[in-house]
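Undergrad: One structure follows; several queries about it will come next.
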Amino acid sequence: MDIKGKNVGSGSYKKLAYSPDYKLSFGAGYKSNSFEFALNTIRVGDQYSNIDKTGKLIPSYTVTDISASKSFGNLKLFAKINNVFNERYSTTADTWNGYYPANPRNLFAGLSLKF
């Protein structure tokens, strides 16, 4: 990704802050009658907190989420795990305070009833 910008009336274009070198997304799913499963992964390249690759380096990271659900008539059970591998990563930072950590592994479960 080559995202650049410049101030009005200024010289050349420079890479903007928080512009990763690349961003890859992958998703896959399976559905069979009353069962569903999904896998989603995102990979984000290095980025910096200031323009033109200056400031705090925010290292690349990979986050994987999975979800599953099963229906029994009008009842549906579901579960989801975000950040399955509990990746320690940051999506933002600044020179004074350092990194702002992103969410660790999160587990969700529930049920729904149609009537």
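Computed from the coordinates by the stated procedures, all read-outs in this text should not be read as laboratory data. Please read all numbers here as calculations on a predicted model, not as lab measurements. With ideal geometry, Cβ positions are generated from the backbone for all residues, glycine too; neighbour counts draw on all protein chains shown.
Undergrad: Please give the length that would be gained between W96 and S25 if that part of the chain were fully extended, namely 0.36 nm times their separation in residues minus their C-alpha to C-alpha distance (nm, one decimal). Before the final figure, lay out the partial values.
TA: Working: separation 71, 0.36 × 71 = 25.56 nm, distance 3.11 nm.
Between W96 and S25, full extension yields an extra 22.5 nm.
Undergrad: Work out how much length N33 to T54 would gain on full extension: take 0.36 nm times their residue separation and subtract the Cα-Cα distance, in nm to one decimal.
TA: Details: separation 21, 0.36 × 21 = 7.56 nm, distance 5.17 nm.
Stretched fully, the N33-T54 segment lengthens by 2.4 nm.
Undergrad: Ok, one more. Treat every Asp and Glu Cβ in segment 1-97 as -1 and every Lys and Arg Cβ as +1, leave all other atoms uncharged, and give the resulting dipole magnitude about the Cα centre to the nearest 20 debye. Each step should come with its number before you reach the end.
TA: Values: 13 positive and 8 negative charges, 29 e Å.
That gives segment 1-97 a dipole magnitude of about 140 debye.
Undergrad: A further question follows. Give me the number: length gained by fully extending N40 to K14, i.e. 0.36 nm times residue separation minus the C-alpha to C-alpha distance, one decimal in nm.
TA: 6.2 nm
Undergrad: For segment 1-88, what does the alpha-carbon gyration tensor say about shape, rounded, prolate or oblate, given a ≥ b ≥ c as the root eigenvalues, a/c under 1.5 as rounded, and a/b over b/c as prolate? Provide the component values of the computation, followed by the final result.
TA: Numbers: a/c = 4.21, a/b = 2.98, b/c = 1.41.
The shape class here is prolate.
Undergrad: Another question, if that's okay. At R0 = 25 Å, how high is the FRET efficiency between N103 and L77 if r is their beta carbon distance? Nearest 0.05 is fine. Walk me through the numbers before you get to the answer.
TA: Values: r = 24 Å, r/R0 = 0.94.
Efficiency, from the Cβ-Cβ distance: 0.60.
Undergrad: Then there's this: Can you give me the distance in nm between label points at I66 and S112, each placed 7 Å from the Cα along the Cα-to-Cβ direction?
TA: Here the answer is 2.2 nm between the modelled labels.
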